[in-house]
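The values are calculated or read from the model by the stated rules, or taken from the named source; none is laboratory data. What you see is a predicted model, and the numbers here were worked out from it, not measured in a lab. Here Cβ is always computed from backbone atoms with ideal geometry, including for glycine, and neighbour counts include all displayed protein chains. Quick note on the areas: whole protein, heavy atoms, side chains included, nothing else; ligands and nucleic acids left out. Shrake-Rupley method; radii C 1.70, N 1.55, O 1.52, S 1.80 Å.
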Amino acid sequence: MKFFDMTKDNLIGIFDNTKYNKLSLKNSKKYKTAKPFPNIKFNNFFDNHVANQLSIKFPNYLSKKWLNYPNHNSSKNSYKKKSIHDERNFPLIYRSLFRELNSRQFLLFLETLTGINNLIPDPYFLGGGIHSAKKGGFLNIHTDFNWHHKLQLHRRINVLIYLTKNWKRKYEGCL
């Protein structure tokens with residue numbers, strides 16, 4: 001059953017698919033008992049068609065929509081790591097995806113997976129959004145901020161989605 005219309009770059013309803021309910025139930029214990037802290041990695045989280053469309057529509061690295069992202073955890077050459085956090089500058093398919101990542105259905109997926117109730121999404125994408133790094137760019141292992149000054153709430157969960165097709169171990173940076 002198809003829950004969304006990819007012809008219009010629309011992912012609305014993607015998390016209505018019961019596969020995500022089953023995935024969260026099946027992996028809750030694995031998440032909670034992971035070391036050195038609760039975490040989990042899912043391969044092929046999106047079906048191939050969705051992942052391919054996201055990859056195809058990923059913003060061009062040379063676009064003026066990107067902001068340089070210099071900080072102590074990323075490349076010293078700030079031009080190698082960039083981000084887009086203003087959803088007005090997202091390609092339509094990404095705007096749709098980020099709204100779904102803030103949806104009730106995805107929050108329920110996260111609550112079931114993590115055991116953390118009453119999660120609230122971050123509509124500001126503070127520290128989030130779309131990120132990209134060129135060859136030689138990096139992001140050190142680090143702890144993100146845990147206080148969201150705009151929402152006046154503690155941050156509890158980070159969700160990272162990697163869309164690099166044909167990733168090779170020799171590139172390093174694996175999870």
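Go through ASP144, ASP122 for me and flag whichever is open to solvent by less than 50 Å² (accessible area, probe 1.4 Å), acidic (Asp, Glu) and without any contact (Cβ under 8 Å) to a residue 40 or more places away in the chain.
Going through ASP144, ASP122 in turn, the sole match is ASP122.
Which of the residues spanning the stretch 153-166 are out of contact with any helix residue (DSSP H, G or I) (no Cβ under 7 Å at 6 or more places or on another chain) and under 16 Å from LEU54 (Cα atoms)?
Within the stretch 153-166, LEU160, ILE161, TYR162, THR164, ASN166 qualify.
Is it the case that LEU163 is surrounded by 11 or more Cβ atoms within 10 Å (Cβ to Cβ) and free of Cβ contacts under 8 Å to residues at least 40 places away in the same chain?
Against the criterion (surrounded by 11 or more Cβ atoms within 10 Å (Cβ to Cβ) and free of Cβ contacts under 8 Å to residues at least 40 places away in the same chain), LEU163 does not qualify.
Restricting attention to the stretch 148-159, and to residues there that are in contact with a strand residue (DSSP E or B) (Cβ under 9 Å, 6 or more places away or on another chain) and surrounded by 10 or more Cβ atoms within 10 Å (Cβ to Cβ), which single residue is modelled with the lowest pLDDT?
Selected residue: HIS148.
Only residues that are of a type in the set (A, V, I, L, M, F, W, C) and modelled with pLDDT under 95: list them for the stretch 31-41, please.
PHE37
Within the set of pairs 6+ apart or on separate chains, which have a first residue in the stretch 28-47 that is closer than 16 Å to TYR162 by Cβ and open to solvent by less than 100 Å² (accessible area, probe 1.4 Å), a second that is in a helix (DSSP H, G or I) and polar (S, T, N, Q), and C-beta atoms under 7 Å apart?
ILE40/ASN27
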